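The values are calculated or read from the model by the stated rules, or taken from the named source; none is laboratory data. Given the structure is predicted, the values throughout are model-derived calculations rather than measurements. Cβ placement follows ideal geometry from the backbone for every residue including glycine, while neighbour counts extend to all protein chains displayed. Surface areas here come from the heavy atoms of the whole protein model, side chains and all, with no ligands, DNA or RNA. Shrake-Rupley method; radii C 1.70, N 1.55, O 1.52, S 1.80 Å.
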Amino acid sequence: MTADGAIWVLGAMSGTSLDGVDAAMVLTDGVQVLDFGASGYRAYSDAEREVLQAALGLEKGPEVDAAADVILTAHTELLSGFEGVDLVGFHGQTTLHVPDEGRTCQIGNGAELARRLKCPVVWDFRSADVSLGGQGAPLAPFYHFALAKRLGLDAPMAFLNIGGVANITWLDPRMADAAGHGACLAFDTGPGNALIDDLCRTRLGQPMDRDGGLTRTGDVDDATLGAFLSDLFFTAPPPKSLDRDHFAAWRSAVVPLSDADAVATLAAGTASAVALGIEHCPTPPCQILVTGGGRKNPGLMEMLAGVLDCPVAAVEDFELDGDMLEAQAFAYLARRVQRGLATSASGTTGVAAPIGGGTISDGR
Amino acid sequence: MPVLSDGFAAGSRINGCAAMKKIILAVVVSAMTTSSAWAGGLSEPVLEPEVIVQESKAGKKGGYVIELALLAVLAMIIENN
């Protein structure tokens, strides 16, 4: 292997849902994705989740120290089970992210993790971007760009991530470099699953609209949908990101509706917001690949197919693992950091110039 | 590559999506006609009012002469007082 060659990198991600740690291996030189390797998951116990929750919104203090210990323990347990790892990309757990104030905090000591694993670890991916005026997120777009190249796509396409909030990466795989001008554009499109999940939890005592049953059977309330889409967020040009509480009024607007109609109307809001987001893209995408929990709601996928003018498919239809995409992304980004390549650009985080963020700890 | 379908599994949703598309289109059209903040949208060019520069007949030199004369008159008045 040369210094610029492909190596096996293990990426690890602990998401905002605090359910557990995802880890996945990728064979990459930091430009191309050449192969996918083993993946794994380690759930947090209720006690661990409680400790992590206590640290949310904080940067330091005893709560943060305790949560950092949980992160380190969970990651050491999971990652030490992988073999043939040349490099680790360790995202950690975000406890605070206020980029407009230049603050972002991902807990978990990468240097200590490197010592425990006896393997180099790249960590602290977001700080440099935020300190240079970027939003520090999203960081997956450059990985999306590499995946589009791997899939052999030769026209602009988009990855749509429907988590709590929905965000999109528009990209042009004909461009040579993800950091190049016009190669990637990423932004939040609007609400994702969060409001649907909240409604299902409060009204029905279930965590989500399982199999999209309510989304499929309910009737969309056009007047409520029209009022929702008049929000100025949708006409604002990217880059743009959403505060989780931005659409609190939208939640209230569906209160008079039946369970099914309310869920269908919220889902229609998510799908329509994506359609409006597409209008901001430099050119219409030829294909949209959906990742995140929303891809598991068939009713929402049908709505997306109905309102968008291009084919819509879950990433699994292209033999990608939607559950491990973020962990893979941090494996890919780790190799880019190691090679001194950019991990974000003005089209993805709004940072003034392409920048490679991350700290490398060699494990000695 | 898998063959992708953009059809609907539920027939009743077809009319629903058509209505949604109309609402989306209305938002797009409204945004294009009322705001310039829509990527790819057209907005009326903003024209600055034309600035007409007019030289005074006296010109700058003349202006200075008058100001100096005034100062001289003022100095004489102060001296006489």
Counted residues, segment A:210-232 - those being open to solvent by less than 30 Å² (accessible area, probe 1.4 Å), out of contact with any Ser or Thr (no Cβ under 8 Å at 6 or more places or on another chain) and more than 10 Å from chain B (Cβ to nearest Cβ): 0
Single match in A:Ser45, A:Ser80, A:Ser131 (criterion: surrounded by fewer than 17 Cβ atoms within 10 Å (Cβ to Cβ), within 17 Å of A:Ala331 (Cα to Cα) and not β-branched (Val, Ile, Thr)): A:Ser80
Residue identified as more than 14 Å from chain B (Cβ to nearest Cβ), farther than 14 Å from A:Gly164 by Cβ and touching an Asp or Glu at 6+ places or on another chain (Cβ under 7 Å) among A:Ala264, A:Ala178, A:Ala183: A:Ala183
Residues that are of a type in the set (A, V, I, L, M), touching a residue at least 60 places away in the same chain (Cβ under 8 Å) and not in a loop (DSSP other than H, G, I, E, B), drawn from segment A:130-154: A:Ala146, A:Leu147
Scan of segment A:282-303 for residues that are part of a loop (DSSP other than H, G, I, E, B) and at the interface with another protein chain (Cβ under 8 Å from one of its Cβ atoms), ordered by number: A:Pro282, A:Gln287
Odd one out for A:Thr235, checked against (1) more than 23 Å from A:Asp19 (Cα to Cα); (2) within 14 Å of chain B (Cβ to nearest Cβ); (3) among the polar types (S, T, N, Q); (4) open to solvent by less than 20 Å² (accessible area, probe 1.4 Å): (4)
Number of the condition not met by A:Asp124 [criteria: (1) surrounded by fewer than 24 Cβ atoms within 10 Å (Cβ to Cβ); (2) modelled with pLDDT of 95 or more; (3) over 30 Å from A:Gly110 (Cβ atoms)]: (3)
Conditions (1) over 16 Å from A:Ser272 (Cα atoms); (2) in contact with a Phe, Trp or Tyr (Cβ under 7 Å, 6 or more places away or on another chain); number of the one not met by A:Asn167: (1)
All positions within segment A:267-281 that are within 21 Å of A:Arg210 (Cα to Cα) and more than 9 Å from chain B (Cβ to nearest Cβ): A:Ala267, A:Gly269, A:Thr270
Scope segment A:308-319; condition of a type in the set (A, V, I, L, M) and open to solvent by 10 Å² or more (accessible area, probe 1.4 Å); matching residues: A:Leu308, A:Val312, A:Ala314
